[in-house]
Structures are given as structure tokens and as C-alpha cells.
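First the structure, in the form of C-alpha cells, and then the observations on it.
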Amino acid sequence: MTNSIEIKGLRKAFGDKIAVDDLSLEIPRGSLYALLGVNGAGKTTTIRMLTGLTMPTRGEACIMGHNIVTESDEVKKLVNISPQETSVAPNLTVRENLEFIAGIYGIPKKDLKERVEQIIKQFAMEEVVNQKAKTLSGGWQRKLNIAMALITEPEVLFLDEPTLGIDVLARRELWREIEALKGKITIILTTHYMEEAEMLADEIAIMAKGQLLATGTPRELKEQTHTNRLEDAFVKIVEGTAYEE
Amino acid sequence: MRSKVFAVRTWKEILRDPLSYIFCLGFPLVMLVIMSVIDRSIPADAGMEVFRIYNLAPGIAYFGLTFVMLFISVQVSKDRTTALLLRLYASPMKPVEYILGYTMPMLVLSLVQMVLCFGASFVISVCIGNNLALGEMVLSVVALLPSVLLFVGLGILFGSLVNEKAAPGLCSILISAAGMIGGIWMDVDGIGGTIAKIAKVLPFYHGVTLARMPFRGSVEGITEHLIWTVVCALLVYGLATAVFCHKMKKDMK
């Protein structure tokens, strides 16, 4: 299997409002794929559909060959998400949060300790491991948020705006963590930050008003729009559509 | 297995909140002591038996359970408003596992609370020379079990319906109602009239009366009290499960 995710004509409507319209994408296995768009572009709704958090109105999508609607139980075992909002148990320590999520995904007790230690080391969380999650700084909470998604060793990891609201140093550190995962698992990243997408993504999909406007590597997108910066390419692509309307 | 993991998390979240100790354990015990002192001040010929230790102990044990409702409702509503449940909705967890994960720690907490309450009541009863018997206390704990389910159900129900700020207010109304018309703080049978009629439609009076029966040595009316308590507990718990699952599905639409 070469694609982790195959999406065909996916649509999500909330009443009259169409959040995602006729989205079709193929995301290769092991790649880091960025969904880029302004607020309300449909990035988070796309992720919510793919992770079983919301049902598509129309269309279909498969993750590792499993249909997200008819085989959602199978899909849920293969994916994990680091939501946009920090989603940790506030009164549990960093270690307990990791053990909690590992337990929820049914990781056997004999492997659990080793897995937790490995993640703590990977994210250099030794100094905060016994600290309650609610007492952590924003950067540490974001790290824990991602670590909790990774501890289940997902085939596909969804990172919804993973660096939103954290300082530049913490952001750089998280980029290094995410970059280290490249090639090992498929990562779908949504972000507002062009620099982040350019730095991390193998391929980028640009969305606006629920529609897919362009896909390609950062270099291809710049070439398509005859620009030198991804931000300029993004603006040109998104505004181009706006002017057409 | 997943429900056990979730239950451990709920247990830790609640026990690490100092208010749990103050309200779930401290407050009922303080009330027990205060009401025992008040009872000593009431002349014997006043015929007021509601604060006698054999009535007070099961009454306070019941009263303590209302705080279990408060804490689980706050926990459920808090979980719903944070992104933690969003993460868990994306996991293989099933709706029934959430319900069990909320229920199990509350059963344990209720048992601990009842044991402490009857333990303290026993000490008081020894001090005033009116010893409570161990067998009667054990039977009273058993009689309180359907009410544990009732209050856990009410807690999950309120936590599913309202937010973290509204849940304590809503629970406070029921805590007061359970105390007054449940017959913990007043003699409902002695008052009679509309109050008694209302009390007998709600499950609190029946639950409290059931818990007091072992100390009275009489099982008069046990069928009625048992049916009211058990049926209400099952209905409320079933409704809470349905509402939680409905809300979960709605969140995922």
C-alpha cells in the first residue's frame, strides 16, 4: 500500500454551511502532509472527519485501507490526534497522562512502562515527568499533547495546529520533534504558519472556504505561482479564488 | 479494561481536588457531630427523634451521597468542556466504558464515605451510651446501595446536560431537597400534608427510610420503599447513560 489516506469527494455540511466541499486527496505513507488555510478553511473539519470525530455528509475516505465510516473501530486503533486545544488530564502528572492514554489504547502492561520511558526521553520531559499537567507551561503542555498522541504508536498522526500560541523557542523545539518523526509514520499537520509548513511538510494542500485550491511540494507551489516565498504563493492562490468569486 | 483505566483517571482527578475531602468526607462528619450535639440539647419529652443517632447515622450517610452527585457532575461537565474528551472520542473507547469509568470510582468513594460516617456514628453512639450494632450498620450500607446508583446517575445526568458552572447550582437544589423532604433534617411523617405527599413521590424519602430500617428493627413498608428506590435509581441511571451517549453523538455530528 503506497497511500496511507485516500479521500474521494469528501463533504461536510452543517445545515446550510458547507465546511468541506468535495475534497479529494491521496496522502502517501510516511509523508508529512500539511493542510494550509486561513480560519474557516475546513482544515480542522477535515481532520475531525478523518479521526471519526464527525461524520462526513458525503464522499468517502480510507485510512490504511479502512473506510472511516464503516470501519471506524479499526481506523481509531490506527490513528491518533493531537487536538488544537491542549487535551490533557489536568490533575494527572505527565507520566500518568502518558500511562492513561496508553492504557486507553490497550497497550499491554509489560510494554507500557518501556513505552512511557521512551516517549519521556524522546521529548526530553524528564524534568517535568512528575509535575501535574495543569502546572506545566504552554510549551510543555503542547509537547505533552503530542507525546500523548504518539505513545500509542499510530500509523497516522493528526497534528491540529500543534504550535499555536507558544513562544518561538518552544515552537522550534516542537518542530525538531516533529521532524524526527518524518518517514516513520504518516503525519497530517494543519497550521497557519507558512514557515512551519515549508520547514516540515513534504507536500502541502491549500484550502479556502472548504475547498482544496492547490497541492504540491513547497517548491512546486512557489513555481506554480511564480513566487519566491511560500507565503506569497499561499496568498496568490487563496486571493486568486477570492477574486474569481 | 479501558473503563478501568478511565475510572482510575476519574478517581485521581477527583481525589486530587481538596474540595472533595471537605465536602465528601469532612462536611457530612461535621454535620453528624453538630446534629448529635443539637440532639443532646433537645428535651427527651419533646418526642423529636430525627436527630437520634440511629436516625442521624443513616441520614447523614445518605446526605453524604448527595455530594458524590455534586462531584461527578462537575467532573463530567468539566471533561465535556475540555479537549480531553475530544481526544478520547477519537480513541477506541465505547460510550458504556465512559459511563463505567465515571461510575466505578464513585461507588468506591461512596463506600468509603459510608464506612467513615458509620464509624464516626459508632464512636458517638458509644459516647452517648446508645451503641449502634455492627450488623445494623452493615445492613444500612446495603440498603443505601441503590441510592448510590441514584446519585451517581443524577451526577452524570447533570454533568451531561449543563456546564461546569451550572452543575454545582443544580446539585445544590437537590442536596437541599434530599435533606429536607428526604427526612434527614425533619420528620416528614410527622409533618404530613402536601410536603409528605411530595416527599413520597420523590426517591429521597424512600431511600432515607430504607437506610433507617435496620436500626428501627421493623421492615414495615419495605417493599414500597425498596421498589421506589430501586426503580428510581435504575431509571435515573438509565436516563443518564442515554443522555451522555446522545450528547457524545451530538458532539460528533
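The values are calculated or read from the model by the stated rules, or taken from the named source; none is laboratory data. Being a predicted model, the structure only gives us computed values, none of them experimental. A quick note on method: Cβ atoms are made from the backbone with ideal geometry, for glycine too, and the neighbour counts reach across all protein chains shown. Side chains included, ligands, DNA and RNA excluded: accessible areas come from the protein's heavy atoms. Shrake-Rupley method; radii C 1.70, N 1.55, O 1.52, S 1.80 Å.
Values for this structure:
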| item | result |
| --- | --- |
| Inter-label distance, nm, simple model (7 Å from Cα along the C-beta direction), A:ARG176/B:ARG16 | 2.8 nm |
| Net lengthening on full extension, B:LEU234/B:ASN163 (0.36 nm per residue, minus Cα-Cα) | 23.2 nm |
| Candidate aspartates and glutamates - alpha carbon under 19 Å from B:LYS200, same-chain residues fewer than 8 apart omitted | B:ASP187, B:ASP189, B:GLU220, B:GLU224 |
| Binned Cα-Cα distances of chain A, short to long, each 10 Å bin given as a whole percent | 7, 31, 35, 20, 5, 0 |
| Computed helical MRE - 222 nm, chain B, DSSP H runs ≥ 4 contributing -39500 (n - 2.57), nearest 500 | -26500 deg cm²/dmol |
| Residue-normalised accessible area of the range A:7-133, expressed per residue, 1.4 Å probe, Å² | 42 Å² |
| Cα Rg over Rh - the range B:2-252, Kirkwood | 1.00 |
| Potential extension, B:ILE198-B:VAL96 segment - 0.36 nm per residue separation minus Cα distance | 33.4 nm |
| Computed E for A:SER137/A:SER72 - FRET, C-beta separation, R0 41 angstrom, nearest 0.05 | 0.70 |
| Exposed trypsin sites (Lys or Arg not before Pro) absent - longest run of chain A, DSSP non-H/G/I/E/B, at most 16 other C-beta within 10 Å | A:30-183 |
| For peptides B:3-11, A:161-169, sequence by mean Cβ density within 10 Å, most packed first | B:3-11, A:161-169 |
| Two-decimal Rg to Rh for the range B:1-150 - Kirkwood Rh, Cα set | 1.09 |
| For the range A:83-132 and the range A:1-55, distance of Cα centres in Å | 28 Å |
| Calculated FRET value between A:GLU231 and A:GLU114, using beta carbons and R₀ = 41 Å, to 0.05 | 0.45 |
| Listing of the range A:103-134 residues, each with accessible area lower by at least 20 Å² in the full protein assembly than in the chain alone (probe 1.4 Å) | A:GLY103, A:ILE104, A:TYR105, A:LYS132 |
| Fraction of accessible area attributable to carbon and sulfur, chain B (%, probe 1.4 Å) | 72 percent |
| Subset of B:LYS94/B:LYS197; A:LYS17/A:LYS76; A:LYS17/B:LYS4; B:LYS12/B:LYS165; B:LYS197/B:LYS250 violating a 32 Å alpha-carbon distance limit | B:LYS94/B:LYS197; A:LYS17/B:LYS4; B:LYS197/B:LYS250 |
| Between B and A, accessible area buried - total, square angstrom, nearest 100, 1.4 angstrom probe | 2400 Å² |
| Two-site FRET efficiency, A:GLU155 against A:GLU85, from Cβ-Cβ distance with R₀ of 25 Å, rounded to 0.05 | 0.55 |
| 20 °C / 1.002 mPa s Stokes-Einstein diffusion coefficient of the range A:104-245, Kirkwood radius on C-alpha pairs, µm²/s | 126 µm²/s |
| Candidate residues A:GLU117, A:GLU99: accessible-area rank, largest first, probe 1.4 Å | A:GLU117, A:GLU99 |
| Average beta carbon contacts from partner chains per residue of B:77-87, 10 Å cutoff | 5 |
| Percent breakdown of C-alpha pair distances by 10 Å bin, ordered from the shortest bin, for the protein assembly as shown | 4, 18, 23, 19, 14, 11, 7, 3, 1, 0 |
| Cα-based Kirkwood hydrodynamic radius, the range B:25-103, one decimal, Å | 15.7 Å |
| Spacing of the two label points (7 Å from each Cα toward its C-beta) at B:ALA177 and A:ARG58, in nm | 4.7 nm |
| Over the range A:102-206, relative contact order from alpha-carbon pairs under 8 Å, at least 6 apart, % | 25 percent |
| Gain upon complete extension [B:ASP187, B:GLU224; 0.36 nm per residue less C-alpha separation] | 11.5 nm |
| Normalised contact order of chain A, rounded percent, pairs of Cα under 8 Å and 6 or more residues apart | 26 percent |
